[in-house]
Amino acid sequence: MIDGLLSLILSAEVNRTNLELQQTSDSYAAAILLEKQKTAAPKVTATYTVTYDVSYRGTIQADKEEFRNLVRETLTSPNGWARAGVTFKEVSSGGRLHVVLASGDQVKAVSPSGCSTELSCTVKPYVLINDTRWRLSTDSYNNAGQSLKKYRQMVINHEVGHFLGHDHVTGCVNGYAPIMLQQSTGLRGCLANEWPLNNELWVRGL
Ligand SMILES: [Zn+2]
């Protein structure tokens, strides 16, 4: 009995250490990626200013202010779409882009054929972030030991990428998942990545 308990505790300890190691090597890999991207950054040829507002639909369980703050942090980050020449400015309403934290049924309601209750979805000018995914992340990220913040920033940048004219892509670039790869449903052998890659720094149809 005691032996059984001890081995249970030990194996839990090993699992925890593995997860920590994975997270450490992952943030190291992320730092290397950002450094590489900076040194090989393409020239920005056009600049855009996009006003956006933040709202909520359906029954929201997440912390709304935390959502608003991380949306702002992500959209104004020098690691993000700013590298494609896009400046995001938050307004209280009437933005060109509406960033919405929505319950699954409300995500699907915007486009019953194009969106699901399970994931986030973009139907211009709406970027709908799924409240359940926002709170719990996805199996693909959780199983790879990725932090909730990283998942959240990935999903914001991915959905806003659709708003900026991007479709989905497949295949890793130097081992990393492009932001427009559907990382929520599977990393497909790539390292998780929450920022647009250098070859994704373009805007169409704004
Ligand atoms: Zn998508």
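Each value in this text was obtained by applying a stated rule to the coordinates, not by laboratory testing. As the structure is a prediction and not an experimental result, all values here were calculated from the model. As a convention, Cβ positions derive from the backbone with ideal geometry for all residues, glycine included, and neighbour counts pool all protein chains shown.
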Return the residues of the stretch 83-96 that are under 17 Å from ASN69 (Cβ atoms) and of a type outside the set (D, E, K, R); say none if nothing qualifies.
PHE88, VAL91, SER92, GLY95
Where residues in the stretch 67-76 are polar (S, T, N, Q) and free of Cβ contacts under 8 Å to residues at least 60 places away in the same chain, which of them is nearest to LYS149 (Cα to Cα)?
ASN69
Within the stretch 35-63, count every residue that is exposed (fewer than 14 other Cβ atoms within 10 Å of the Cβ) and in a helix (DSSP H, G or I).
3
Evaluation of TYR176 against (1) within 15 Å of the ligand (Cβ to nearest atom); (2) within 15 Å of GLY189 (Cα to Cα) (one fails), failing number:
(1)
What do you reckon, is LYS124 touching a His at 6+ places or on another chain (Cβ under 9 Å), under 24 Å from SER55 (Cα atoms), touching a residue at least 24 places away in the same chain (Cβ under 8 Å) and away from the ligand (no atom under 12 Å from the Cβ)?
yes
Within the stretch 179-202, restricting attention to residues that are under 25 Å from LEU70 (Cα atoms) and more than 16 Å from the ligand (Cβ to nearest atom), which residue is surrounded by the most Cβ atoms within 10 Å (Cβ to Cβ)?
LEU201
Starting from residues that are among the aliphatic types (A, V, I, L, M) and touching a residue at least 24 places away in the same chain (Cβ under 8 Å), keep the ones in the stretch 137-166 and report whichever is farthest from the ligand (Cβ to nearest atom).
ALA144
